[in-house]
Amino acid sequence: MGRDRLDLLFLSQFPPSPPTFGAQRRIQGLMSALAQHHDVSAVSLIPPELDVAVAERAMREYCKEVALVPARPWQGARKRLLQLRSLVSTRSFEHRFFDVPGLRQVLDSLLSRRAFDVVTVEQPFLADVMLARAPAGQGPPRLVLDEHNIEFDLARQQASIEAGLARKLYNASNWPKLRKEELRLWRRFDGVIFCSAADEARARGLVPTVRSAVVPNAVDLTYFRPRPEDPPSDGRTVMFFGAINYHPNVDGLLYLLREVWPLLARSHPHALLKIVGQHPTPDILAFRGPRVEVAGTVDDLRPHLARAAVSIVPLRIGGGTRFKILEALAMARPVVSTSLGAEGIDVESGRHLTIADDPASFARAVGALLDDPQLGARLGWEGRALIERRYSWDAAAYRLDVFFRELLPS
């Protein structure tokens, strides 16, 4: 099976540390767990709003080598111009946006002077960069794609549910390009990892020859856990957390606010909805009031989760698996989710959480937990036990380590 200690390179479109949203948590969790047994290095784009020194310092806690390359700003006229150009291009907007010349130069330099066993690309948008190269006399690395979601399917879902005509037409034009690019990568890369068995099955239905493995999202069990110093549940707070500029989260919150919350507000007039997460959109902020708190970003999520009576996941579109469920269960909090929100996580409704897929049943499920704290406690502790058994980063990284070795020459 070759050497015990591997030389691994991770390529991502944003720094994994310090993590503030789910995709960062996945990359950091896997990299830091692998770094206990292997030499791990990273090349990342870094958006203008992030502090290079802070990101590099955090990543060097587990990385042997770090390179951060300035990315294009996600907002502004330049992005809009690229979107317009992509409408008449055979390439997707995302592949055009993340095609940064400086990144190519950094990778060319690094790969020509250092031999890696495996290069893992986080999400498909950077995967067209030339990576199968090595110093003279060395074999090229194995290439692995980490699919946080099936990206083209996420874009397809957005196109089907988008209300605005311009966005709907743009997404309808862009997602078939993403599909073509993503399927090509599944055929070209040595291996592909998926967050869930459901995503892997979808991929194999499209590309039966894909060599793949399921490496689930996970939780830092020592960080997300019930603590004596945490406040007790207040018995009334219904909490949503996640990046609020991420379209599936925005769509889910607007569904909740427009269709579910009015029902719950009538049946439980003492209930308070608390929305925690970065970059709340104007549509979400418009609902602020005495019964709806938009807290924005918080320094430490744990005391807010501990104080909440229920954590909710009202998602209608998406892929992969949701950190908001894993982290709430790790904190032994009761969860109400849609079926899609809980997809890919080995949970049983009524035992680990509650599944509800229409506004009335979602409101009733949340109300039942507000009315019965003992039910919430039982679900929370069953959920915590499941996370301890199945969803640690060490277990996820072990599965990835096994997959890497299956791809390497014997």
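The values are calculated or read from the model by the stated rules, or taken from the named source; none is laboratory data. Remember, it's a predicted structure, so these values are computed and weren't measured experimentally. Please note: Cβ atoms are built from the backbone with ideal geometry, for glycine as well, and neighbour counts cover all protein chains shown. Just the protein is used for accessible areas: all its heavy atoms, side chains included, with ligands, DNA and RNA removed. Shrake-Rupley method; radii C 1.70, N 1.55, O 1.52, S 1.80 Å.
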Legend entry - Top-ranked residue of the range 15-54 - restricted to ones that are closer than 13 Å to Glu122 by Cα, modelled with pLDDT of 95 or more and of a type in the set (A, V, I, L, M, F, W, C), ranked as nearest to the chain's Cα centre (by Cα): Ile27
Inset, instruction - Working only within the range 22-52, note down all residues that are of a type in the set (A, V, I, L, M, F, W, C) and outside any helix (DSSP H, G or I). - result: Ala35, Val40, Ala42, Val43, Leu45, Ile46, Leu50
Legend entry - Scan of the range 184-223 for residues that are open to solvent by 10 Å² or more (accessible area, probe 1.4 Å), in a helix (DSSP H, G or I) and among the aliphatic types (A, V, I, L, M), ordered by number: Ala197, Ala198, Ala201, Leu206
Inset, instruction - Can you tell me which residue within the range 332-385, out of those that are under 18 Å from His304 (Cα atoms) and among the basic types (Lys, Arg), is surrounded by the fewest Cβ atoms within 10 Å (Cβ to Cβ)? - result: Arg384
Inset, instruction - Starting from residues that are of a type in the set (Lys, Arg) and touching a residue at least 60 places away in the same chain (Cβ under 8 Å), keep the ones in the range 134-179 and report whichever is surrounded by the most Cβ atoms within 10 Å (Cβ to Cβ). - result: Arg142
Legend entry - Conditions (1) open to solvent by 20 Å² or more (accessible area, probe 1.4 Å); (2) farther than 29 Å from Ala155 by Cα; (3) in contact with a helix residue (DSSP H, G or I) (Cβ under 9 Å, 6 or more places away or on another chain): number failed by Leu305: (1)
Inset, instruction - Give the residues of the range 124-147 that are in contact with a strand residue (DSSP E or B) (Cβ under 7 Å, 6 or more places away or on another chain) and either outside any helix (DSSP H, G or I) or closer than 19 Å to Leu407 by Cβ (or both), sorted by residue number. - result: Pro124, Ala127, Leu131, Ala132, Pro141, Arg142, Leu143, Val144, Leu145, Asp146, Glu147
Inset, instruction - Please verify whether the range 243-266 includes one or more residues that are in a strand (DSSP E or B) and crowded, with 19+ Cβ neighbours inside 10 Å. - result: no
Inset, instruction - Write out, first by first residue and then by second, each pair whose Cβ atoms fall under 9 Å of each other, whose residues are 6+ apart or on separate chains, and whose first residue, in the range 229-241, is closer than 17 Å to Ala295 by Cα and polar (S, T, N, Q) while the second is open to solvent by less than 20 Å² (accessible area, probe 1.4 Å) and not in a strand (DSSP E or B). - result: Thr237/Ala271; Thr237/Ala308; Thr237/Ala309
